Amino acid sequence: MVTKSVRVKINSPAAAAVMQQAGVAADLASRGERISAAAGPGHEVKVTKNRDRVVVFVRTATPEAREGEANRRALTRAIDAGR
């Protein structure tokens, strides 16, 4: 049996539009909040829009949270909470 190759052409403007939708932003914000909660107090979530997509950042906001990340990797270990 011979299989023909399939070519897929991505519609880049449409893909960028999907990655900027409010639903995507809400999902990412929810994931960021779960990661922040799992990491413990002193972490903040920031949702922003880059050139072509919505992104979320979870960062340490207090000296105690920074110490927790440095000594116990609290934020790094919390990444799975966003799945």
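Computed from the coordinates by the stated procedures, all read-outs in this text should not be read as laboratory data. All values derive from a computational prediction rather than experimental measurement. Here the Cβ is made from the backbone with ideal geometry for all residues, glycine too, and neighbour counts use every protein chain on show.
Computed values, structure above
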read-out	value
When residues of segment 1-17 are limited to those that are of a type in the set (A, V, I, L, M, F, W, C) and in a loop (DSSP other than H, G, I, E, B), the one nearest to VAL55 (Cα to Cα)	ILE10
Tally of residues being touching a residue at least 24 places away in the same chain (Cβ under 8 Å), assigned to a helix (DSSP H, G or I) and charged (D, E, K, R) across segment 33-54	1
Some residue of segment 17-29 being within 19 Å of ARG83 (Cβ to Cβ) and loosely packed, with under 12 Cβ neighbours inside 10 Å	yes
Residues of segment 47-66 classified as among the acidic types (Asp, Glu) and farther than 15 Å from ALA25 by Cβ, total	1
Number of the condition not met by PHE57 [criteria: (1) part of a strand (DSSP E or B); (2) more than 13 Å from the chain's Cα centre (by Cα)]	(2)
Subset of segment 30-49 [closer than 14 Å to ARG77 by Cα, surrounded by 15 or more Cβ atoms within 10 Å (Cβ to Cβ) and of a type outside the set (D, E, K, R)]	GLY32, ILE35, SER36, ALA38, ALA39, GLY40, HIS43
Residues of segment 62-83 that turn out to be closer than 16 Å to ARG34 by Cβ and surrounded by fewer than 12 Cβ atoms within 10 Å (Cβ to Cβ), as a count	3
Positions within segment 60-79 being in contact with a helix residue (DSSP H, G or I) (Cβ under 8 Å, 6 or more places away or on another chain) and either of a type outside the set (Ser, Thr, Tyr) or assigned to a loop (DSSP other than H, G, I, E, B) (or both), in sequence order	ALA65, GLY68, GLU69, ALA74, LEU75, ARG77, ALA78, ILE79
